[in-house]
Amino acid sequence: MIILEVLTGILPYDGMKEPIIMSRILAGKLPGRPETHIPSGIKYADRLWSLITSCWAFDPEKRPKAWEVKNVMDGITPENLLANRN
């Protein structure tokens, strides 16, 4: 969730109490996509969102390895996150 905070400047679940946050996470209710920062329909923004959500997998075995994260991140720049939509 750190990358989401870095991109938006807002803490995930901002304004919620810890017990509510914990119950949401355990129920699989993760933060929604911040369209102003990671817009849908843009190739690299879609890749980034896919990476972010895969890092949130409840089962640690399903999360990407560090080298996989690096490989995806190497191809993403601020410019191509907001490039023309596909």
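Observations
- The stretch 41-86 and the stretch 1-40: distance between their alpha carbon centers, rounded to Å: 16 Å
- Efficiency of FRET between Asn71 and Lys43 - r from beta-carbon atoms, R0 22 angstrom, step 0.05: 0.90
- Between helix 43-55 and the chain: long-axis angle, C-alpha atoms, 0 to 90°, nearest 10: 30 degrees
- Using a cut-off of 25 Å between Cα atoms, the listed pairs Lys17/Lys70; Lys29/Lys65; Lys43/Lys70; Lys17/Lys43 include Lys17/Lys70; Lys17/Lys43 as exceeding that distance.
- Its alpha carbons considered, the chain gives a radius of gyration followed by a Dmax of 13.7, 40 Å.
- Looking at the chain, the GluC sites (Glu not before Pro) that sit in a DSSP loop and have at most 13 other Cβ atoms within 10 Å of their own Cβ are Glu35.
- The stretch between Ala57 and Met16 holds 12.6 nm of extra length on full extension. This uses 0.36 nm per residue minus the Cα-Cα distance.
- The label point for Ile25 and the one for Leu82, both projected 7 Å from the Cα toward the Cβ, are 3.1 nm apart.
Bear in mind that the values in this text are calculations on the coordinates, not laboratory data. Since this is a predicted model, take the numbers as computed values, not measurements. We place every Cβ from the backbone using ideal geometry, glycine too, and count neighbours over all the protein chains shown.
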